[in-house]
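Below is one structure, written out as structure tokens; comments come after it.
The values are calculated or read from the model by the stated rules, or taken from the named source; none is laboratory data. Computed from a predicted model, the values in this text were never measured in an experiment. FYI the Cβ positions are ideal-geometry reconstructions off the backbone, even for glycines, and counts take in every protein chain you see. Accessible surface is based on the protein model in full, side chains and every heavy atom, while ligands, DNA and RNA are left aside. Shrake-Rupley method; radii C 1.70, N 1.55, O 1.52, S 1.80 Å.
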Amino acid sequence: MLLTALDGRYGDSADALRVDGAAMSREELLAAAGAVAARIAGAPALAVLARPGLETVIATVAGLLAGVPVVPLPPDAGPKEREHILRDSGAPLLAVASQDRDTEAHGARLLTVDPSERAEAPAPAPETGTAFVVYTSGTTGAPKGVLLSRAAVAAGLDGLADAWAWTPEDTLVHGLPLFHVHGLILGVLGPLRTGGRLVHTGRPTPAGYAAAGGSLYFGVPTVWSRIAADEAAAAALSGARLLVSGSAPLPVPVFDRLAALTGHAPVERYGMTETLITVSTRADGERRPGSVGLPLTGVRTRLVADDGSLLAPDGETVGELQVTGPMLSDGYLGRPDADAESRTADGWFRTGDVAVIGPDGFHRIVGRASVDLIKSGGFRIGAGEVEAALRDHPAVADAAVVGAPDPDLGQAVVAFVIPSGEVTGDQLTAFVAERLSVHKRPRRVVLVPELPRNAMGKVLKKQLLEP
Ligand code: MLC
Ligand code: AMP
């Protein structure tokens with residue numbers, strides 16, 4: 001059983017789950033999800049408009065109960081991105097909260113989730129098969145659907161429970177978006193498997209985290225950096241057990257300041273949509289600034305040179321990190337080309353991240369192989385997708401998008417645009433936000449007469465990043 005805590009073995013309480021202020025017990029969740037499960041039985045997939053609300057949790061659990069793969073849809077995805085996800089996943093149903101019952105579903109049938117509905121849960125779904133199709137950006141093209149099996153999700157959560165000593169006594173607090181691995185799979189299914197309580201703060205604000213009184217906190221580095229800049233909020237976390245950072249590199253000064261203000265050196269973990277979390281520092285081990293720690297139980301990692309040869313874990317040699325383990329995804333939906341590119345013949349996943357492994361096994365992520373994958377506020381953004389959206393504008397001749405270093409977001413999306421007519425940066429930003437998720441819009445647009453290119457005509461993005 002994937003969501004072990006739903007059978008009552010760890011007890012229950014009226015506020016076992018609190019999401020953006022609304023609470024429900026696990027028993028109520030099971031009954032509300034049972035009602036939705038009955039309506040989706042046999043569907044090939046269920047898209048869920050993943051607002052931070054109980055409805056998203058209920059719909060997700062319903063998909064898992066019914067054995068119907070869940071496709072989280074970013075609530076702010078513009079029409080182009082939304083249509084792509086619905087079409088590509090083949091989801092005929094889109095679950096929404098009542099506030100969204102008029103939303104555009106691009107041919108899917110809307111299914112309104114009512115948190116007060118109750119029904120008997122269906123017979124348990126088989127433990128094999130796909131749990132989620134999570135859409136994520138590559139360097140070019142539209143986002144790809146990552147197939148995460150029930151077995152991978154179970155193994156991934158158990159690996160984290162082991163590394164972080166996560167138990168039914170814990171109250172997890174976070175306010176991360178519910179359409180990604182971090183917020184949804186770790187942050188919602190985690191407590192439903194380990195048995196702990198969940199407080200989702202709606203948005204990941206320092207004040208929300210400070211007021212929640214949890215034992216275990218999740219955040220992306222932008223969230224931790226904002227908490228580290230708010231002494232009162234940070235001090236309120238001193239009673240917690242464990243602070244966990246992930247989805248992007250945690251800057252060492254933020255690590256140090258958090259440790260000083262809260263009394264807790266944060267745990268940092270590393271993962272991907274395609275692999276779930278594979279490497280982490282441990283609750284009972286050293287938490288080293290700038291390091292993501294050791295492989296989780298069952299995970300193996302290796303460093304590989306450009307020519308495919310294995311590199312030494314000597315603490316100095318830099319190579320591509322490859323991983324394998326029971327939490328790896330089953331590949332990309334309908335994209336054997338992308339599967340072939342991202343997997344080695346012997347079954348390892350090429351992360352595209354550049355890392356160093358020490359003789360003590362500690363991993364340090366030093367960057368990404370491609371400048372075209374941007375991490376901004378913990379969101380993964382493909383430069384190619386934003387460039388394509390910009391090129392759709394009638395007054396754009398060409399565009400190049402980069403991730404510029406940013407103290408708050410890690411990287412900020414910056415677009416260099418060659419205009420072919422009258423247009424302003426603000427108009428182009430708004431144009432992108434109408435098509436793609438809001439966080440993909442450029443923070444800055446620089447209008448330029450030309451772009452630096454090499455002899456082959458390829459844009460020299462490293463040159464664009466020079467101050
Ligand atoms: C944003 N805004 C803009 C803008 N971009 N306005 C103008 N131009 C732009 N380009 C607006 C926002 O809509 C918001 O408005 C306000 O400015 C503040 O925006 P912000 O600075 O982006 O802050 P915020 O919206 O609070 O976002 C920061 C954040 C967010 C940290 C909350 O980035 C976030 O939720 N990140 C989490 C990403 C995540 O979960 N990744 C996990 C991937 S899974 P308004 O009006 O709304 O206030 C994964 C696996 C793993 O990676 O390892 O975990
Ligand atoms: P996503 O698919 O959104 O989960 O993004 C995965 C990418 O996030 C990885 O390939 C890394 O580049 C980055 N990432 C996740 N966690 C960390 C971390 N702790 N340190 C550095 N990079 C990270």
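Tabulated results
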quantity	calculated
Rounded to the nearest 10 Å², the accessible area of residue 117 at probe 1.4 Å	60 Å²
Prolate/oblate/rounded label for region 377-465 (Cα gyration tensor, a/c 1.5)	oblate
Rg(Cα) / (2.2 N^0.38 Å) computed for region 4-187, rounded to two decimals	0.99
Computed [θ] at 222 nm, helices only, for the chain once each DSSP H run of length n ≥ 4 contributes -39500 (n - 2.57)	-7500 deg cm²/dmol
Potential lengthening between residue 360 and residue 211 on full extension [0.36 nm per residue; Cα-Cα distance subtracted]	49.8 nm
Distance-filtered residues of region 385-429 - backbone nitrogen under 16 Å, label point 7 angstrom along residue 447 Cα→Cβ	391, 393-400, 415-429
Table column - 3J(HN,Hα) (Hz), region 207-215, Karplus curve with 6.51, -1.76, 1.60, x for Gly and Pro	5, x, 5, 5, 7, 7, x, x, 9
Computed accessible area, residue 365, all protein chains, 1.4 angstrom probe, square angstrom	50 Å²
Full-stretch length increase - residue 127, residue 339 - with 0.36 nm per residue and alpha-carbon distance subtracted	73.9 nm
Integer Hz, Karplus 6.51/-1.76/1.60 couplings in order for region 452-467, x for Gly and Pro	x, 9, 8, 4, 7, x, 7, 5, 8, 5, 4, 5, 5, 7, 5, x
Hz values of 3J(HN,Hα) by residue in region 418-432 - Karplus curve (6.51, -1.76, 1.60), Gly and Pro given as x	9, x, 10, x, 6, 7, 10, x, 4, 5, 5, 4, 5, 4, 5
Other-chain or far-sequence residues with amide H under 5 Å of residue 110's (modelled H)	94
Rounded to 5, the percent of DSSP beta bridges in region 4-187 classed as antiparallel	45 percent
By accessible area with a 1.4 Å probe, ligands and nucleic acids excluded, highest first: order of 422, 320, 104, 387	422, 104, 320, 387
DSSP beta bridge pairing in region 173-320, given as percent antiparallel to the nearest 5	45 percent
Where only C-alpha atoms are counted, convex hull volume of the chain per residue in Å³	146 Å³
Distance between region 308-331 and region 1-77 - C-alpha centres, whole angstrom	35 Å
Residue 444 long-range amide H proximity, modeled H, under 5 Å	415
Mean separation of Cα contacts under 8 Å, 6 or more apart, over the residue count of the chain: relative contact order %	12 percent
Listed residues 379, 73, 242: farthest to the positive end of the dipole of the chain (Cβ charges)	379
Contact order relative to length of region 4-187, as percent, for alpha carbon pairs under 8 angstrom and 6 or more apart	21 percent
Considering only the chain, percent of DSSP beta bridges that pair antiparallel, nearest 5	60 percent
Fully extended contour minus Cα-Cα distance, from residue 463 to residue 112, at 0.36 nm per residue	121.4 nm
Anisotropy class of region 290-411 from Cα gyration tensor, a/c 1.5 cut	prolate
Entries in 375/461; 80/440; 144/461 that, when Cα-Cα distance is taken, lie over 19 Å	144/461
Exposure rank, largest accessible area first [10, 209; 1.4 Å]	10, 209
Rounded accessible area of residue 88 (nearest 10 Å², 1.4 Å probe)	70 Å²
Candidate residues 18, 101: accessible-area rank, largest first, probe 1.4 Å	101, 18
